[in-house]
Amino acid sequence: MSSASLRRQRILDQIARAADVAQRDPEAIRLVAVSKTRDAAAIEALIDAGQSEFGENRVQEAEAKWPPLLERFPHVRLHGIGQLQSNKAEAAVRLFSAIHSLDRPSLLAALAREAKVAGRAPETFVQVNIGDEPQKGGVAIAALAPFLEQVRATPLPLAGLMCIPPAEPEPGPFFALLAKLARRHDVGGLSIGMSADFPTAMMLGATVLRVGTAFFED
Ligand SMILES: *Cc1c(COP(=O)(O)O)cnc(C)c1O
C-alpha cells in the first residue's frame, strides 16, 4: 500500500472506532481531505487511494491547482472551507461543490447571484464564530437565527453549520454548543473535526470531517 493509502486507512479506522463508540453509522460521515498547500502529486496519490472529497482554503490556490485534476477525475468533489471574499464568489461557485464558510449577508448575496448565473448551486454550511473570537470568521451566535432565515430564502441549499473552535480549552464544549444551535434551528449537518479532534467531533455529532495534516504527514 502507498503511504497515502496507509494514512487514509488509519483515518478510516479511527472513524470506524469512534462511530462504534458513538453508536453511529460510519457511512453517514463524510470525510473531506484538506489539501491546502499540498501539491497535485500528493493529491493524486490520495485520489488513487480512493479519496473523493477534498477541501481548499483559498480560491486562488484552488484555481491554480484543481481544474486539471477535476477534469481528469470528474467524480471528485471540492469543498471551499476558508474565509471567502465576495469578489471570489464566481470562482467559488465554479470550483466548489460545497462552501463551509458562509458567514455574512454580502457573501450570501454574491453566491446566490453567481449560482443563478452558473445554474449550479453549491451546498452551504453557515460558519459560526463559536468562541466569539475577533480574528476568526463566522457569524456571531446572536446573529445566527436571522442569517439562517436569509439563507433559507435563497435557492442555495443549507447543508449545516460549521465552526473552528478556539485553541483553548478543549474543542468538545464548542462542538456541543454548535450541535445545540443546529438542533435549535433545525439544521441537519455539522462540519466539525480536524486532524487533532475528529474522534471527539464524531462523538458530538459531526457529519462532515475536515482532516488535513493526518492525510499528508506521519
Ligand atoms: C486547515 C484546515 C483544516 C484541517 O486542519 P488539520 O489540522 O490539518 O487537519 C480544517 N478546516 C479548516 C477551515 C482549515 O483551514
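Cross-link candidates for Lys65: which lysines have Cα within less than 30 Å, leaving aside residues fewer than 8 places away along the same chain?
Lys36, Lys88, Lys116, Lys136
Can you tell me the alpha carbon radius of gyration of the stretch 113-195 divided by the globular rule-of-thumb value 2.2 N^0.38 Å?
1.14
Using Cα-Cα distances under 8 Å and only pairs 6 or more residues apart, what relative contact order does the stretch 1-149 have, in percent?
The normalised contact order for the stretch 1-149 reaches 15 percent.
With the full set of protein chains in place, find how many percent of the accessible area of the chain is carbon and sulfur; take the probe as 1.4 Å.
The value for the chain is 52 percent carbon and sulfur by accessible area.
Sort 15-22, 97-104, 199-206 by packing, meaning the average of other beta carbons within 10 Å per residue, with the highest value first.
97-104, 199-206, 15-22
Could you give the nm distance between label points at Lys116 and His75, where each point is 7 Å from its Cα heading toward the beta carbon?
In this crude label model, Lys116 to His75 measures out at 3.6 nm.
When the chain is fully extended, how far beyond the present Cα-Cα distance does Glu168 get from Ala28, taking 0.36 nm per residue of separation?
That pair, Glu168 and Ala28, stretches by 47.5 nm at full extension.
With springs only between Cα atoms under 10 Å, which of Gln23, Gln150, Gln51 fluctuates most in a Gaussian network model of the chain?
So, out of Gln23, Gln150, Gln51, the one fluctuating most is Gln23.
Cβ under 11 Å from Ala40's Cβ, Ala40 left aside: what net charge do those residues give with Lys, Arg +1 and Asp, Glu -1? Display every interim value, and only then the final one.
Details: positive: Arg38, Lys65, Arg72; negative: Asp39, Glu44.
Within the 11 Å Cβ shell, the charges total +1.
By what distance, in whole Å, do the Cα atoms of the stretch 3-215 stretch along each of the three principal axes, largest value first?
Largest to smallest, the principal-axis extents are 45, 39, 29 Å.
Tell me, what is the FRET efficiency for Arg17 and Ser52 to the nearest 0.05, using R0 = 22 angstrom and their Cβ-Cβ distance as r?
Taking R0 as 22 Å, the efficiency between Arg17 and Ser52 is 0.50.
Between Ala153 and Ala91, what length comes free when the chain is fully extended (0.36 nm per residue of separation minus the Cα-Cα distance, one decimal in nm)?
Contour length minus the Cα-Cα distance gives 20.1 nm.
Fully extended, how many nm does the chain gain between Ala109 and Lys36 (0.36 nm per residue separation, minus their Cα-Cα distance)?
Between Ala109 and Lys36, full extension yields an extra 23.7 nm.
The values are calculated or read from the model by the stated rules, or taken from the named source; none is laboratory data. Given the structure is predicted, the values throughout are model-derived calculations rather than measurements. Cβ: placed from backbone, ideal geometry, glycine included. Neighbour counts: every protein chain shown. Note: accessible area is taken over every heavy atom of the protein model, side chains too, but ligands, DNA and RNA are not part of it. Shrake-Rupley method; radii C 1.70, N 1.55, O 1.52, S 1.80 Å.
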